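Participant: Encoded as structure tokens, here's the structure I'll be asking about.
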Amino acid sequence: MKSFFKENKVAILLLVGAAALIFVGLFRSQTSAVLSKAVRICMECVGLG
Amino acid sequence: MDEKKLEQNQKDPGKKKTGRSGSRRLVIQSIAALIQNANLKGFFTGKIYTGTTKKVCVPGLNCYSCPGAVGACPIGSLQNFLGGLKFRFPYYVLGLLIFFGALLGRVVCGFLCPFGLLQDLLFMIPFYKKNRFKVDRFLRYLKYAVLLVLVIILPLCIPLTPTYCKYLCPSGTTAGLFLSFANSSLRRRLGKLFAWKAVVLGIVVVSSLIVYRPFCKYLCPLGAFYGFFNRFAIFRMHFDAEKCVHCQACVKACKMNVDPTKHPNSMECIRCGDCVRACPQSALEQGFGKGHSGKTKKEMSQNHTAEL
């Protein structure tokens, strides 16, 4: 277990950092911004305008 | 037993073993693609899914305007934040991308990306194959330029224009094809932009018949991003140089043209596992928590020089 943490310390640090970023995003309601974009057809993405 | 395997391998080092793991990957890819595109009725109605699961970005390249999509595209969402009228730092999307990268690296490309699955299926079609050529090495850098210029810089400079999605993304074009098949009002709006994107998609499809995963190798910004994490991700490859007999079977088996004995955690490796299965000595293994405790070829040669 100890060696797992030792050999994956960079990944674990990145995962902790990523979790922190996700929580900040959730706190700032960024999921709503993602949702509002994702539930409408993106005309540029599908090549219509 | 090992000697028998080695002898057989020396006769035909490039021969791919018939492994259950190869077809198991195809099953996992298909299940992942189905889960990410579970709104099957959308393909018939020409309408996209509007449920709350679209708050979550999927790990692979899957356009959120695809009628089947039940999640959000990470690259599209990233551009939406960067290219808004008012700049907002994309904490949530970037956090998810780093999370997927730190945990899996390019396992996402090999196992979870629906567009990767499409390219794998196309490469299985019997056709002229040319997977190794001179400019391949240089073309690989293109995807980093796509990530930097089309996904980050241009959306920051030109608000409300998701440059990558608009001008390049073939996943969006397939979404457009599905939508326009089922929805006549959208079909009437097809114009020059769609024609351009159809040409890009056509080039990707035809080249996928010849080259293994050309889009992943040369253009995918998501693959470029996850590639940075391959060295550090929890899921890694381990090469034991002491077991290696230098038969080159792994190098010949790798369709991404990586040498796993030199770079087991290369940015280009999509973790398909072909090299692991090809190795007659089990010198390669991959999985969660596979560390760097084994000696690499470079370390072995350094030790050898020191001994001399």
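Participant: Consider B:ILE125 against the criteria (1) exposed (fewer than 15 other Cβ atoms within 10 Å of the Cβ); (2) among the hydrophobic types (A, V, I, L, M, F, W, C); (3) within 14 Å of another protein chain (Cβ to nearest Cβ): it satisfies all of them except one. Which criterion is unmet?
Facilitator: So the condition that B:ILE125 fails would be (3).
Participant: Given the options B:LEU118, B:LEU150, name the one that is within 13 Å of chain A (Cβ to nearest Cβ) and either open to solvent by 20 Å² or more (accessible area, probe 1.4 Å) or charged (D, E, K, R) (or both).
Facilitator: B:LEU150
Participant: Next question. Considering only the range B:262-308, state which residues are among the β-branched types (Val, Ile, Thr) and either in contact with a strand residue (DSSP E or B) (Cβ under 6 Å, 6 or more places away or on another chain) or at pLDDT below 95 (or both).
Facilitator: Within the range B:262-308, B:VAL276, B:THR296, B:THR305 qualify.
Participant: Can B:LEU85 be described as more than 21 Å from A:CYS45 (Cβ to Cβ), among the aliphatic types (A, V, I, L, M), surrounded by fewer than 19 Cβ atoms within 10 Å (Cβ to Cβ) and in contact (Cβ under 8 Å) with a residue 60 or more places away in the chain?
Facilitator: Taking the combined requirement at face value, the residue does not satisfy it.
Participant: Moving on to the next point. With respect to A:LEU26, is the statement that it is open to solvent by less than 50 Å² (accessible area, probe 1.4 Å), closer than 29 Å to B:SER171 by Cα, at the interface with chain B (Cβ under 7 Å from one of its Cβ atoms) and not aromatic (Phe, Trp, Tyr) true?
Facilitator: No.
Participant: Now for a separate question. Condition first: under 14 Å from B:ILE75 (Cβ atoms) and loosely packed, with under 15 Cβ neighbours inside 10 Å. Now tell me which residues in the range B:128-147 satisfy that.
Facilitator: Residues satisfying the conditions do not exist here.
Participant: Name the residue that is nearest to the other protein chains (Cβ to nearest Cβ), counting only residues in the range B:182-197 that are under 21 Å from B:GLY42 (Cβ atoms) and open to solvent by 40 Å² or more (accessible area, probe 1.4 Å).
Facilitator: Restricting to residues being under 21 Å from B:GLY42 (Cβ atoms) and open to solvent by 40 Å² or more (accessible area, probe 1.4 Å), the top hit is B:ARG189.
Participant: When you check B:ILE152 against the structure, is it assigned by TED's automatic domain parsing to the domain that holds B:ARG24, within 17 Å of the chain's Cα centre (by Cα), in a helix (DSSP H, G or I) and of a type in the set (Val, Ile, Thr), yes or no?
Facilitator: no
Participant: Mind counting the residues in the range A:29-49 that are more than 7 Å from every other protein chain (Cβ to nearest Cβ) and polar (S, T, N, Q)?
Facilitator: 3
Participant: Additional query: Could you tell me whether B:CYS216 is away from chain A (no Cβ under 14 Å), in contact (Cβ under 8 Å) with a residue 40 or more places away in the chain, touching a Gly at 6+ places or on another chain (Cβ under 6 Å) and under 23 Å from B:GLY105 (Cα atoms)?
Facilitator: Taking the combined requirement at face value, the residue satisfies it.
The values are calculated or read from the model by the stated rules, or taken from the named source; none is laboratory data. All values reported here derive from a predicted model rather than from experimental measurement. Positions of Cβ are generated from backbone atoms using ideal geometry, with glycine treated the same way; all protein chains shown enter the neighbour counts. Heads up: the accessible areas ignore ligands, DNA and RNA and are worked out on the full protein's heavy atoms, side chains in. Shrake-Rupley method; radii C 1.70, N 1.55, O 1.52, S 1.80 Å.
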